Amino acid sequence: MCEGLVPTMIRRPPTIVCYICGREYGTKSIAIHEPQCLKKWHNENKLLPKELRRPEPKKPEVRTITAKGFYDLDALNKAAWTSAQSQLVPCDICGRTFLPDRLMVHQRSCKPKVAK
């Protein structure tokens with residue numbers, strides 16, 4: 001290795017968390033993803049039994065602006081992640097949380113723990 005060369009840090013491009021599904025997307029593609037994700041959410045929600053249907057997720061409003069005039073991306077992502085997690089439904093048997101369509105699949109095989 002050559003002396004005097006300082007390794008450069010490779011910075012990951014900023015990402016934004018989708019408030020519906022909780023996945024991360026680039027700052028340009030999030031605007032494309034969110035309307036499609038919401039449409040998918042509506043389609044899946046309609047197929048659920050009435051007791052598992054949820055109200056439409058609301059996009060969190062984070063108005064924290066840093067000294068440089070940018071949105072606080074960490075606060076925005078934290079609020080979006082919290083919103084996505086609130087979509088999960090707990091299993092009545094084991095308490096684990098799932099998206100409603102996956103909960104029905106899980107409950108087919110979930111058994112109460114037998115006391116030893």
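So here's what we get for this one:
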{"quantity": "Correct choice for Kirkwood radius over Cα pairs in Å that was computed from the model, options [x] 16.8; [y] 17.3; [z] 14.6", "calculated": "[y]"}
{"quantity": "Lysine pairs in the chain with Cα atoms under 21 Å, if 8 or more residues apart or on separate chains", "calculated": "18"}
{"quantity": "Length released on extending from LYS59 to ARG96, taking residue separation times 0.36 nm less the Cα-Cα span", "calculated": "10.8 nm"}
{"quantity": "Residue-span extension gain [THR8 to THR82] - 0.36 nm each, minus C-alpha spacing", "calculated": "23.3 nm"}
{"quantity": "Relative contact order of segment 15-109, defined on C-alpha pairs under 8 angstrom at six or more residues apart (%)", "calculated": "29 percent"}
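The numbers here are math on the coordinates, done by the rules we state, and not lab data. Please read these numbers as outputs of a predicted model, since none were measured by experiment.
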